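Single-structure report; data block below.
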Amino acid sequence: MSTLRMFRKKPDDLGFFGKLGFYLLLILGALVSIFPFYWMFVVGTNDKGAVFHVPPLLTIGDQFFENFKRVLDKSDFFQALGNSLFVSSMVTVSVVFFCTLAGYAFAKYEFPGKNVLFVFVIATLIVPQQLGVLPTYVIMAKLHWIDSFKALIVPAMVNAFGIFWMRQYISSAVPTELIEAGRIDGGGHFRIFWRIAVPVITPAMATLGILNFMTVWNDFFWPLVVLKNKEHFTIQIALQQLFTTRDGLDYGMIMSATFTATLPLLVVFLLFSRWVIAGLTSGAIKS
């Protein structure tokens with residue numbers, strides 16, 4: 001009996017070959033995910049003909065700074081990078097703040113029309129974003145906000161996905177008994193929200209911040225519609241200006257600019273990812 005128990009495998013034990021296959025699959029997935037970014041850097045460090053090399057060139061060259069110098073000659077790269085950083089940061093802070101407040105109200109307060117209003121908010125998720133471009137542009141024009149950062153920031157200060165995300169997380173993570181205890185102790189609405197709810201829902205706020213920052217940073221269409229002056233261009237519009245066919249497409253220059261424009265996004269993602277992990281391991285509270 002004891003011998004049978006010794007050779008009996010646990011249900012979740014994959015065995016040696018199972019684990020080997022599992023890790024090989026993970027390594028393959030990581031390589032496939034990293035390769036486009038690596039190849040972009042390889043093309044950015046070689047001349048403009050590297051993109052047409054057969055078989056694909058995989059060795060890093062020594063012309064990155066030469067290619068990037070041409071980027072600076074043809075565009076206001078760092079100004080566009082600063083514009084994107086400013087717009088993305090402002091939108092992310094406002095979305096996290098307002099969506100957290102709205103999600104908290106929907107999750108923990110009772111008021112007339114609560115369910116109808118929440119269904120209306122969720123219903124806006126199924127409306128294609130393109131349908132709102134013309135009305136929003138007309139409103140921005142009436143307010144004289146065309147070709148300004150206000151046209152990028154104000155319409156994006158709150159969104160339905162953020163409200164839904166925070167409402168679902170707060171409903172399960174913040175115990176009602178904890179809020180009632182705060183009221184018995186004489187805490188106000190905002191004080192209870194700030195001192196009791198926010199420390200518990202930090203992981204959800206960080207995740208919402210990461211997703212929103214990446215969305216705003218990569219947005220191309222709406223800035224292309226409302227921005228007219230080069231001084232206000234975001235990084236995506238500045239990169240589009242490099243695609244000129246006057247002297248043929250210079251892929252070395254384009255890829256060096258694209259690689260550099262991706263670095264701030266990676267830094268923000270890594271910083272927020274660590275914060276999310278810390279919040280998940282230290283912010284859990286059981287009711």
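The values are calculated or read from the model by the stated rules, or taken from the named source; none is laboratory data. Worth saying up front: this structure is predicted, and the values here are computed from it rather than measured. Reconstructed Cβ throughout: ideal geometry from the backbone, glycine too, with neighbour counts over all protein chains shown. Accessible surface is based on the protein model in full, side chains and every heavy atom, while ligands, DNA and RNA are left aside. Shrake-Rupley method; radii C 1.70, N 1.55, O 1.52, S 1.80 Å.
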What distance in nm separates the two pseudo spin-label positions at T176 and H53, each 7 Å out from Cα along the beta-carbon direction? 6.5 nm
Along each of its three principal axes, how wide is the spread of alpha-carbon positions in the stretch 136-176, in whole angstrom units, largest first? 46, 15, 13
Using only the alpha carbons of the stretch 1-137, what is the convex hull's orientation-averaged projected area in square nanometres? 19.8 nm²
Going by the alpha-carbon gyration tensor, a ≥ b ≥ c the square roots of its eigenvalues, is the stretch 213-260 rounded (a/c under 1.5) or, if a/c is not under 1.5, prolate (a/b greater than b/c) versus oblate? oblate
Based on the alpha carbon coordinates of the stretch 40-101, what radius of gyration and maximum Cα-Cα distance (Dmax) apply, in Å? 18.2, 55
Note to self: with every protein chain in place and a 1.4 Å probe, the chain gives an accessible area per residue in Å² of 63 Å²
Pull out the extension gain between L25 and L72, defined as 0.36 nm times the separation in residues minus the alpha carbon to alpha carbon distance; nm, one decimal. 12.8 nm
Neighbours of R195 by Cβ distance under 15 Å: Lys/Arg at +1, Asp/Glu at -1, summed charge +1
What shape does the chain have by the C-alpha gyration tensor, where a ≥ b ≥ c are the square roots of the eigenvalues, rounded means a/c under 1.5, and otherwise prolate means a/b greater than b/c and oblate the rest? oblate
Apply the Kirkwood formula to the stretch 174-229: the hydrodynamic radius equals the inverse of the mean of 1/r over all pairs of different alpha-carbon atoms; give it in Å with one decimal. 14.1 Å
Rounded to two decimal places and with Rh computed the Kirkwood way over Cα pairs, what is Rg over Rh for the stretch 84-156? 1.04
Report the label-to-label distance for Q240 and V119 in nanometres (one decimal), using points 7 Å from each Cα along the Cα→Cβ vector. 3.9 nm
Bin by bin, in steps of 10 Å, what percent of the Cα pairs in the stretch 122-199 do you find, going until the bin that has the longest distance? 15, 30, 22, 21, 11, 0
In whole percent, the fraction of accessible protein surface over the chain that belongs to carbon or sulfur atoms, probe radius 1.4 Å, stands at 69 percent
